[in-house]
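Peer 1: Quick one: this structure, given as structure tokens, is what I'll be asking you about.
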Amino acid sequence: MKSILKNAGVILLMTLMFSACSQKEESSLVEMVKEPKQQEEVLALMAENHDLGKKYIDKMMGNDHATGMMVDELVKAAANDTILAGKLSSMITKYPDLMLLTTHHFMPVIATDEHMSDAFCEHALENESIAESMCQKMKSDKDMKPCH
């Protein structure tokens, strides 16, 4: 009986120590990342380590607020960086459904701005197959004036 009580006491003591250590480690991690230098080290590690970066991106993609932040920052950066804008445009064109969705959302913005509308028409008409498709669509729609 003594050995059972002794073993139970040892197990209980080990459990309490393990619990205390794990709580201390968790709070120290939270405290650690409050320091700007430590934040930079953690962020650099995440940016440079492909697997860790991918896990972080996956985690952010599962959060509405985080995805909104990513898109906002990406669009702002692309507006000022032609290389990034080209990469973003390239990625959008790889996914036809995304391209259509993007075009659908931009059309009302283009329609409300005369300059953008003119520029859009010029770009569309520069591409012969798009111009022909638009013309055929207009001819087939009774409410629209046909192309000349």
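The values are calculated or read from the model by the stated rules, or taken from the named source; none is laboratory data. All of these numbers come straight from a predicted model, not from anything done at the bench. Quick reminder, even Gly has a Cβ in these numbers, built from the backbone with ideal geometry, and neighbours come from all protein chains shown.
Yes/no per residue for (1) touching a Phe, Trp or Tyr at 6+ places or on another chain (Cβ under 6 Å); (2) at pLDDT below 90; (3) within 30 Å of I130 (Cβ to Cβ):
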site: E25; (1), (2), (3): no, yes, no
site: E31; (1), (2), (3): no, yes, no
site: K34; (1), (2), (3): no, yes, no
site: V42; (1), (2), (3): no, yes, no
site: D58; (1), (2), (3): no, no, no
site: V71; (1), (2), (3): no, yes, yes
site: A85; (1), (2), (3): no, no, yes
site: L88; (1), (2), (3): no, yes, yes
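Peer 1: M91: surrounded by 12 or more Cβ atoms within 10 Å (Cβ to Cβ), of a type in the set (A, V, I, L, M) and free of Cβ contacts under 8 Å to residues at least 40 places away in the same chain, yes or no?
Peer 2: Here the answer is no, as M91 does not meet what is asked.
Peer 1: Working carefully through the options S129, S117, S133, find the one that is loosely packed, with under 11 Cβ neighbours inside 10 Å and not assigned by TED's automatic domain parsing to the domain that holds K76.
Peer 2: Just a single option satisfies the conditions, and that option is S129.
Peer 1: In the stretch 52-76, how many are more than 23 Å from V42 (Cα to Cα) and aliphatic (A, V, I, L, M)?
Peer 2: The total comes to 1.
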